[in-house]
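Down below is the structure, laid out as structure tokens.
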Amino acid sequence: MAESGATLSNLSHEDRTFPPSEEFAAQANATAEWYDRADADREAFWAEQADRLTWSKKWDSVLEWDAPFAKWFVGGQLNVAYNCVDRHVEDGHGDQVAFHWEGEPGDTRTITYADLQREVCRTANALTELGVGKGDRVAIQLPMIPEAAFAMLACARLGALHSVVFGGFSPSALRSRIEDAEAKLLITSDGQYRRGKPAPMKENTDQAVADTPTIEHVLVVKRTETDVPWTEGRDVWWHDIVDRQPDTHEYESFDSEHPLYILYTSGTTGKPKGILHTSGGYLTQAAYTHHVVFDHKPGESVYWCTADIGWVTGHSYIVYGPLANRATSVMYEGTPNTPHEGRHWEIVQKYGVTIYYTAPTLIRTFMKWGKEIPEKYDLSSLRVLGSVGEPINPEAWIWYRENVGRNNCPIVDTWWQTETGAIMISPLPGVTAAKPGSAMRPLPGISAEVVTEEAEPVGPGGGGYLVLDKPWPAMLRGIWGDEERYRETYWSRFAKQGYYFAGDGAKYDDDGAIWLLGRVDDVMNVSGHRISTTEVESALVSHPTVAEAAVVGASDPTTGQGIVAFVILRGGVAQDEAKGADAIKALRDHVSKEIGPIAKPRQIMVVEELPKTRSGKIMRRLLRDVAENREVGDVTTLADSSVMDLISAGLQEGKGDD
Ligand code: WT7
């Protein structure tokens, strides 16, 4: 954890704390007593949370833990979509708004719970007609439009697993996810709005399914009126098949452990991992955390999570958690500066948003745009602010508190992962005296530790690896089709202790608050998105001019980390030409085409050699020193210690590609 040194010393100066106001604490959903209650009897505590859902058959036991495999609410049965939609209508809340949807061009849709019920039922009927049933996999690549939520909930209703793929992922990324899950159906749209302009979508998804034998149909939502290529017999318009369906649907109840979805995320190898989540435990923790962390009040709060539905945050905190809690949510299709940099604040003002949940990278972007922008809007409706995706630096935290929260809103810095399914470490807004930049402590019912390489707990003030030492309801149940990788990735490092290895570094401060320090593996975090160094390296070496590549995440003032690549060209490639700006641009575009624009390297440097140990392992730590303009650290384990001089010298000449 040598790379955390700088961060560690920065943090030691942070001693500001912000306790909740008495007024807020008095009305909060959770109190300090919840920690004690959960500690006294964890299973009883989780049973109490599961009781907030509607079960068609009550569970026999709360937890069966056969490490590393958990079953929660064993023997229980429920339908997730019923819990998110129908039960609220049955309870007389059909007229409550579920989604205030705001399209990027300014068009809007208001979807009540009664509307949502009809749409989900129609969609479920249409999927049935297309041959989708219990256990089938459905791939979804859609913009942030209501149909994305309808499609996910329709799958849940039928017991089919969705695999949502972020709209910015390339056709080949979509194809490999479809192949891995053997999806039967792809749901997509004609196009999507991108910074005010329609961009094609189906044209890309068609490339992905050109050669995927498992796909039987492609269901296409019309969003941008873009011309699309069409394959008769395979392709179906959403409005043709969904709109003519009956708006009721008889749901079936599924086992608590019935799979709900697969969501792919980057690991340390080139192949993304299909993280598998199931029903009862997942929904319990998604709903519980949304209730206590955001202090959500059904029928009163107006909640906005700015994530994309293609990431786990969109799954747990746009769809499942909020809907299970009968939230009224804002769903926004577009980018934060279309058509102007005040778009988010305009939306907060328009709908009276009370809870706003976003990512540090966006907060830093808002800082760059200036506080004059939020100042122009009435943000007085806001009550709670959230942050997720990467460590939030104290400066951004304070800016968020002052300029968005007007010094009046608790900030919850929520640590969790695709794998954890729901929030794990976070302040409780009515209880915790929060420190700027700290996720503070595990939620009631959750247990985490910071340990050394030897699994010894570090004391106050100590740093090490973050582990989860007890199973939790929303935990992943495996990696789709790869049990070995599941064991290896998460459970082998502290196998003896049975700890889940999160892949993050963390430290305790002297008061026992937890500070997350970033990844300790070869996973980068760019704007809160996980990208593996190996994935980008394989994309680079798939280009005809590249012989070898090493990729590091270098700290970046806006995106958290930026991707910096070092490449060695193949013999015979005209070196001067391949080092030129056009060639570098072509390489960056190549990565973008292979993986998606989010993986496009910020910088590519052509080098003669890469720093390697005698066993051939690339020393990324040294490359990170170079990429971050630091003095290069200890080179004694290098096979050839002059390599770093060569690289540094070469870079001084070649600085300045965009
Ligand atoms: C990784 C998980 C959780 C949804 C979004 C990202 C980092 C996440 C925080 C936070 C510090 C954080 C970790 C984690 N991370 N939240 N509040 N403070 N780091 O999900 O793509 O699965 O990434 O994001 O490094 O391991 P993900």
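The values are calculated or read from the model by the stated rules, or taken from the named source; none is laboratory data. Here the structure is a predicted model, which means the values were calculated and not measured. FYI the Cβ positions are ideal-geometry reconstructions off the backbone, even for glycines, and counts take in every protein chain you see. Each accessible area value is taken on the protein alone, full model and side chains, heavy atoms only, with ligands, DNA and RNA left out. Shrake-Rupley method; radii C 1.70, N 1.55, O 1.52, S 1.80 Å.
For the stretch 350-388, how many residues meet the condition of being within 16 Å of the ligand (Cβ to nearest atom) and closer than 17 Å to Val526 by Cβ?
Residues meeting the conditions: 9.
For Pro391, state whether it is more than 16 Å from the ligand (Cβ to nearest atom) and either in contact with a Lys or Arg (Cβ under 6 Å, 6 or more places away or on another chain) or closer than 30 Å to Ala495 by Cα (or both).
no
What are the pairs, 6+ residues apart or on separate chains, where a residue within the stretch 381-407 that is outside any strand (DSSP E or B) has its Cβ under 7 Å from a residue that is among the charged types (D, E, K, R) and within 16 Å of the ligand (Cβ to nearest atom)?
Cβ pairs passing all conditions: Ile392/Asp413; Pro394/Glu14; Ala396/Arg364; Asn407/Arg401.
Looking at the stretch 169-214 only, could you name the residues that are open to solvent by less than 50 Å² (accessible area, probe 1.4 Å) and among the aliphatic types (A, V, I, L, M)?
Correct list: Ala173, Leu174, Ile178, Ala181, Ala183, Leu185, Leu186, Ile187, Ala199, Met201, Ala208, Val209.
Consider Ile446 against the criteria (1) under 20 Å from the mean Cα position of the chain (by Cα); (2) open to solvent by less than 10 Å² (accessible area, probe 1.4 Å); (3) more than 13 Å from the ligand (Cβ to nearest atom): it satisfies all of them except one. Which criterion is unmet?
It fails just one condition, (2).
Being open to solvent by 50 Å² or more (accessible area, probe 1.4 Å) and modelled with pLDDT of 90 or more is the filter here; which residues of the stretch 543-575 pass it?
Correct list: Pro544, Ser555, Pro557, Gln561.
What's the total number of residues in the stretch 238-248 that are open to solvent by less than 40 Å² (accessible area, probe 1.4 Å) and over 22 Å from Gly159 (Cα atoms)?
Count: 0.
Return the residues of the stretch 409-426 that are within 11 Å of the ligand (Cβ to nearest atom) and not hydrophobic (A, V, I, L, M, F, W, C); say none if nothing qualifies.
Within the stretch 409-426, Asp413, Thr414, Gln417, Thr418, Glu419, Thr420, Gly421, Ser426 meet the criteria.
Scan the stretch 94-134 for residues that are open to solvent by 40 Å² or more (accessible area, probe 1.4 Å) and not in a loop (DSSP other than H, G, I, E, B) and report the count.
Qualifying residue count for the region: 10.
Being surrounded by 19 or more Cβ atoms within 10 Å (Cβ to Cβ), part of a loop (DSSP other than H, G, I, E, B) and either hydrophobic (A, V, I, L, M, F, W, C) or out of contact with any helix residue (DSSP H, G or I) (no Cβ under 6 Å at 6 or more places or on another chain) (or both) is the filter here, so list the residues in the stretch 55-93 that pass it.
Answer for the stretch 55-93, where residues must be surrounded by 19 or more Cβ atoms within 10 Å (Cβ to Cβ), part of a loop (DSSP other than H, G, I, E, B) and either hydrophobic (A, V, I, L, M, F, W, C) or out of contact with any helix residue (DSSP H, G or I) (no Cβ under 6 Å at 6 or more places or on another chain) (or both): Trp59, Asn79.
Look at Ala183 and say whether it is small (Gly, Ala, Ser), farther than 21 Å from Ser532 by Cα, touching a strand residue (DSSP E or B) at 6+ places or on another chain (Cβ under 6 Å) and part of a loop (DSSP other than H, G, I, E, B).
Taking the combined requirement at face value, the residue satisfies it.
Being modelled with pLDDT of 95 or more, outside any strand (DSSP E or B) and in contact with a helix residue (DSSP H, G or I) (Cβ under 8 Å, 6 or more places away or on another chain) is the requirement here; does His162 meet it?
No.
Select, from Ala81, Ala44, the only residue that is among the hydrophobic types (A, V, I, L, M, F, W, C) and not assigned by TED's automatic domain parsing to the domain that holds Leu158.
Ala44
Matching residues to (1) within 30 Å of Phe166 (Cβ to Cβ); (2) assigned to a loop (DSSP other than H, G, I, E, B); (3) in contact (Cβ under 8 Å) with a residue 60 or more places away in the chain; (4) touching a Gly at 6+ places or on another chain (Cβ under 8 Å):
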residue	(1), (2), (3), (4)
Ala547	no, no, no, yes
Gly553	yes, no, yes, yes
Ala578	no, no, no, no
Ser592	yes, no, yes, no
Asp634	no, yes, no, no
Ser641	no, yes, no, no
Leu646	no, no, no, no
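Sort through Gly233, Gly196, Gly191 and tell me the only one that's over 29 Å from the mean Cα position of the chain (by Cα) and assigned by TED's automatic domain parsing to the domain that holds Asn79.
Of Gly233, Gly196, Gly191, the one residue that is over 29 Å from the mean Cα position of the chain (by Cα) and assigned by TED's automatic domain parsing to the domain that holds Asn79 is Gly233.
Check off (1) of a type outside the set (A, V, I, L, M, F, W, C); (2) within 13 Å of the ligand (Cβ to nearest atom); (3) open to solvent by 10 Å² or more (accessible area, probe 1.4 Å) for His340 and give me the number that stays unchecked.
(2)
Any chance you could count how many residues in the stretch 476-514 are over 21 Å from Trp65 (Cβ atoms), open to solvent by less than 40 Å² (accessible area, probe 1.4 Å) and in contact with an Asp or Glu (Cβ under 7 Å, 6 or more places away or on another chain)?
Counting residues in the stretch 476-514 that are over 21 Å from Trp65 (Cβ atoms), open to solvent by less than 40 Å² (accessible area, probe 1.4 Å) and in contact with an Asp or Glu (Cβ under 7 Å, 6 or more places away or on another chain) gives 1.
Looking only at the stretch 405-414, how many residues end up being open to solvent by less than 20 Å² (accessible area, probe 1.4 Å) and within 17 Å of Val431 (Cβ to Cβ)?
Of the residues in the stretch 405-414, 5 are open to solvent by less than 20 Å² (accessible area, probe 1.4 Å) and within 17 Å of Val431 (Cβ to Cβ).
Of Ala539, Ala513, Ala506, which residue is touching a residue at least 40 places away in the same chain (Cβ under 8 Å) and near the ligand (Cβ under 9 Å from one of its atoms)?
Unique residue meeting the criteria: Ala506.
(1) touching a helix residue (DSSP H, G or I) at 6+ places or on another chain (Cβ under 7 Å); (2) of a type in the set (Gly, Ala, Ser); (3) open to solvent by less than 20 Å² (accessible area, probe 1.4 Å): which one isn't true of Gly528, the others all being true?
Of (1) touching a helix residue (DSSP H, G or I) at 6+ places or on another chain (Cβ under 7 Å); (2) of a type in the set (Gly, Ala, Ser); (3) open to solvent by less than 20 Å² (accessible area, probe 1.4 Å), only one is false for Gly528: (3).
Based on what the data block shows, is Ala578 surrounded by fewer than 16 Cβ atoms within 10 Å (Cβ to Cβ) and among the hydrophobic types (A, V, I, L, M, F, W, C)?
no
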